[in-house]
Amino acid sequence: MRIGYARVSTQDQNPDLQLDALKKAGCEEIFQEKFSGKNAVRPELENCLRMLRGGDVLVVWRLDRLGRSLKDLVGIVSTLENRGVGFQSLTENIDTVSAGGKLVFHIFGALAEFEHSLIRERTVAGLAAARARGRKGGRKPSMTNSTLSYSKLHKWQGEDIMQHIVLKG
């Protein structure tokens with residue numbers, strides 16, 4: 001069974017182009033929603049993924065309609081592959097049912113992993129450079145040294161610290 005998934009990012013956008021392409025591609029069932037791709041919770045996508053069975057093919061109009069990032073997309077398609085479900089993107093002409101389509105998709109996966117490694121390396125290097133300049137990461141303390149000392153003293157004495165802080169300001 002060919003099952004389609006269409007998504008537009010805002011209420012103002014019209015999914016008709018995607019829906020027409022999915023129908024033309026032979027999708028028997030189409031799930032659609034209007035959610036930003038950055039939302040982790042996409043109920044119709046979850047329903048669509050639950051419905052898919054081994055031998056089915058998930059069809060999307062474009063890759064960016066399915067995943068929020070390349071890493072997210074690779075994760076979804078890998079999960080589908082483990083369940084025996086194929087994946088097809090109409091615009092990019094990727095079809096993981098064929099050997100060539102699997103190759104292209106795995107190249108995308110390798111590129112996503114490479115990108116993730118580069119980001120991590122740059123982050124570590126940036127943090128090291130900031131530390132070398134005397135900067136410390138993290139949030140600024142919410143308590144001053146005197147408030148902290150005061151609270152430790154009164155906690156040790158068994159008093160309600162918050163009551164003292166609120167009353168004394």
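Summary table
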item: Residue-by-residue Karplus 3J(HN,Hα) for the stretch 94-111, coefficients 6.51, -1.76, 1.60, Hz, glycine and proline x; result: 9, 9, 6, 6, 8, 5, x, x, 4, 4, 4, 5, 5, 5, 4, x, 5, 5
item: Derived scalar couplings ³J(HN,Hα) [the stretch 41-58; Karplus, 6.51 cos²θ - 1.76 cosθ + 1.60; whole Hz; x for Gly, Pro]; result: 9, 10, x, 5, 5, 4, 4, 4, 5, 5, 6, 5, 10, x, x, 6, 10, 8
item: C-alpha center-to-center spacing [the stretch 42-69, the stretch 72-104] in angstrom; result: 11
item: Among PHE108, GLY86, TYR5 - extreme Cα towards positive end, dipole of the chain, charges at beta-carbon; result: PHE108
item: Average Cα contact separation per residue, the stretch 1-114, under 8 Å, 6 or more apart, as relative contact order %; result: 25
item: Pairwise FRET efficiency - GLU121 versus VAL97, Cβ, R0 = 35 Å, nearest 0.05; result: 0.45
item: Other-chain or far-sequence residues with amide H under 5 Å of GLU29's (modelled H); result: GLY4
item: Volume in Å³ per residue [convex hull over Cα atoms, computed for the chain]; result: 222
item: Fully extended contour minus Cα-Cα distance, from ARG83 to GLU29, at 0.36 nm per residue; result: 17.5 nm
item: Residues of the stretch 40-105: accessible area per residue with a 1.4 Å probe, Å²; result: 49
item: Residues of the stretch 54-71 with amide N under 14 Å of a point placed 7 Å along Cα→Cβ from ALA40; result: 68-69
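The values are calculated or read from the model by the stated rules, or taken from the named source; none is laboratory data. Keep in mind the model is a prediction, meaning the values are calculated, not measured. In this analysis, Cβ positions are derived from the backbone assuming ideal geometry, glycine residues included, and neighbour counts consider all displayed protein chains. Keep in mind that these areas ignore ligands, DNA and RNA; they rest on the heavy atoms of the full protein, side chains included. Shrake-Rupley method; radii C 1.70, N 1.55, O 1.52, S 1.80 Å.
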